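Heads up: the structure comes next, in structure tokens.
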Amino acid sequence: MILVPITYKGGVFRHDEILDLIEDVGGYIIQKHMIAQEVVLQALVPKDDIDTLKKVSRPLAGEVIPAPLVGTEIAVVSMSVEIHHLPHASCDIAEYLRTAGAKTNMVGLARGFGKRIGLLSDEERDIINEHDLAIYLFGNFETCIKEKMPTFRRGIKVPFIVCGGPSKEALKKIIDPPAAGYIGGMGRFMHRTKEPHEIAMLDEIVAEVSRIIDQKRAMIAKDPLSVTPARLMDIILENVPDIHEVTSPVPVVVQMDGLRVKLPYDPFAKEIKNIEVESGIRIVDICDIHPSRMRDYILLKVKPFSETGMLV
Amino acid sequence: MSTLEYFEVDSTEPVGGQLYRRIASTVITDHNLLKVLERLRIFIDPAIPIFIAVGVTRTVPRTITVSDLAGVTFDEQKITLSIADETYLANLLQFLWKEYGKDHVNQPDRFTIEVQISGDAAESGIEDLAVADPSEGLYKDLIYSMQVICPEGYKVKKQNFNNGRFWFVASENTLPEDVSSLVTEQFEIMGAAS
């Protein structure tokens, strides 16, 4: 069954019918936002049932939009949390990626500024590595990006995209070994992105992120995961009642190859490890469970089929 | 940025320089400094690295006195101030309390202040009492905006504001003891362009 990432936008009225339909056809709701009278759902729906969903949502004035980044967690790395880098461009990019379905986290580095003095701490490195992809937001000068790049890529295992003021070609030229993706003309700026060419640039970022995510999906497909992270999310939501007490808007974050459960590690990890996914198969049999460096959350990474010999 | 007589951002990296021009323009507009600035030149060399901003302000506003913001009337030992501009009212009250004591300063309504004094009210010289010095705030605003424009890693800074001319130099490394030659060079380029 091929699951397609989509965003559903519609009114609150009878939206429970949409929720039921997605669950009935075997889809998963990754995020649900209720904004005033509007409901925004980010979901994974079986490819064959997209038309049914569109048909059912039509009388409710609902809209089904493909959202390529649903089910991914992306780190938007800002060089600092000073006025120089926030809210533009960091927030603009993070927010735009959310419209494409991604769960974005802003990682504001403590000492990221400066070409010689810029640093990446081990905690920051580990947090970035917990994501599916990282976007580095650098400044406007080639000299600085070139000099600070080795510091910022040390120990980073996830693919990363470099955003900077110089053109894409210039970035490609100065970064060696190459990064996963490049966005030129998007360095430091202090105004809101609202002009058409700036929006086009944000679209370009979404396209670049989608391209890399698709590559990663293709890699995963070669050695499939023992369980779909979205299914694992449903199992945890069903079996751990405390997760419903979490006030965070997304208590369980779906990643491409795992989950972030926003419960403290010590009291809950054991309970989660022993949950049965199917008869005789517990979560611990098909996942690596670690304490996350982000607060004291729990991080689950699903083992591939080649390691477990199981497809649940 | 049309109201600036001269505005130039120069850099050894032209692309970066253009982008910094946009940053400078946004920051100056956001901080409401367009009316104050007459000329501004910024030079950035990321290889050294150094950031130099030099500029000239328009006529610096003079010290604000009581007569600038209030109508003053005298009645024997009583002074009545009718406030026309509330901007500096808090400062004014502070000065009056300090000068005449809280017991002698009364504010019956928002726009009226009454002061009881011991001698002849007309000879008190209250009209010329200095309430605020706008140039002090202007200097802070100017230097703050230069810090915002300047790349964040440039933590070593030196600045000066004198007689309507100001400069701001920043770098990631230590700055030379005397930066006057760097600043003079930029002032000269700016002067030659006029």
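The values are calculated or read from the model by the stated rules, or taken from the named source; none is laboratory data. In this text the structure is predicted, and so the values were computed from the model without any measurement. With ideal geometry, Cβ positions are generated from the backbone for all residues, glycine too; neighbour counts draw on all protein chains shown.
In the set A:G112, A:G118, which member is more than 24 Å from the chain's Cα centre (by Cα), at pLDDT below 95 and within 11 Å of chain B (Cβ to nearest Cβ)?
Numbers: A:G112 fails: more than 24 Å from the chain's Cα centre (by Cα).
Sole residue among the options that is more than 24 Å from the chain's Cα centre (by Cα), at pLDDT below 95 and within 11 Å of chain B (Cβ to nearest Cβ): A:G118.
Got at least one residue in the range B:60-70 being at positive phi and in contact with a helix residue (DSSP H, G or I) (Cβ under 8 Å, 6 or more places away or on another chain)?
No - not one qualifying residue is present in the range B:60-70.
Could you tell me which numbered condition B:A132 fails, if it satisfies all but one of (1) under 30 Å from B:V115 (Cβ atoms); (2) in contact (Cβ under 8 Å) with a residue 12 or more places away in the chain; (3) exposed (fewer than 14 other Cβ atoms within 10 Å of the Cβ)?
B:A132 satisfies every listed condition except (3).
Output the residues belonging to the range B:170-194 that are within 16 Å of B:V54 (Cα to Cα) and not in a helix (DSSP H, G or I). Give the derivation first.
Step one: list which residues in the range B:170-194 are within 16 Å of B:V54 (Cα to Cα), which gives B:170-171, B:178-194.
The answer is B:A170, B:S171, B:D178, B:V179, B:S194.
Kindly indicate the residue of the range B:32-73 that is part of a loop (DSSP other than H, G, I, E, B) and crowded, with 17+ Cβ neighbours inside 10 Å and also farthest from the other protein chains (Cβ to nearest Cβ) among those meeting that condition.
Among those residues, the one meeting the criterion is B:V36.
Residue under question is B:E99, and the condition is that it be within 11 Å of chain A (Cβ to nearest Cβ), of a type in the set (D, E) and at negative phi; does it hold?
Against the criterion (within 11 Å of chain A (Cβ to nearest Cβ), of a type in the set (D, E) and at negative phi), B:E99 does not qualify.
Name the residue, out of A:R192, A:R231, that is within 14 Å of another protein chain (Cβ to nearest Cβ) and modelled with pLDDT under 95.
Only one candidate qualifies: A:R192.
Does any residue of the range B:5-21 turn out to be part of a loop (DSSP other than H, G, I, E, B), under 26 Å from B:V179 (Cβ atoms) and in contact with a Phe, Trp or Tyr (Cβ under 6 Å, 6 or more places away or on another chain)?
Yes, the conditions are met somewhere in the range B:5-21.
So which strands (runs of 3 or more DSSP E) stay within the range A:1-98 end to end and still have 2 or more residues that are more than 27 Å from A:M201 (Cα to Cα) and outside the structural domain of A:N129 (by TED's automatic domain parsing)? Outline the logic, then answer.
Working: elements: A:3-11, A:28-35, A:38-46, A:63-66, A:73-78.
Qualifying strands (runs of 3 or more DSSP E): A:3-11, A:28-35, A:38-46.
Within the range A:295-312, track down each residue that is within 12 Å of A:P264 (Cβ to Cβ) and not acidic (D, E).
Passing the criteria: A:R295, A:Y297, A:I298.
Which condition from (1) part of a strand (DSSP E or B); (2) free of Cβ contacts under 8 Å to residues at least 24 places away in the same chain is the one that A:I117 breaks?
(1)
For the range B:139-194, name all the residues that are exposed (fewer than 15 other Cβ atoms within 10 Å of the Cβ), within 14 Å of another protein chain (Cβ to nearest Cβ) and polar (S, T, N, Q).
B:N173, B:T174
Give the range A:264-312 a look and list any residue that's in contact with a strand residue (DSSP E or B) (Cβ under 8 Å, 6 or more places away or on another chain), of a type in the set (S, T, Y) and either assigned by TED's automatic domain parsing to the domain that holds A:M106 or part of a loop (DSSP other than H, G, I, E, B) (or both), or say none.
Listed by number, the residues that qualify are A:S292, A:Y297.
Going through A:A170, A:A134 one at a time, which residue ends up being in contact with a helix residue (DSSP H, G or I) (Cβ under 7 Å, 6 or more places away or on another chain) and more than 22 Å from A:L97 (Cα to Cα)?
A:A170
Tally the residues that are on the phi > 0 side of the Ramachandran plot and surrounded by fewer than 24 Cβ atoms within 10 Å (Cβ to Cβ), restricting the search to the range A:38-93.
Residues that pass the stated criteria total 1.
Taking the residues in the range B:1-29 that are touching a residue at least 40 places away in the same chain (Cβ under 8 Å) and within 11 Å of chain A (Cβ to nearest Cβ) as candidates, determine which candidate is surrounded by the fewest Cβ atoms within 10 Å (Cβ to Cβ).
Only one residue fits best here, namely B:V27.
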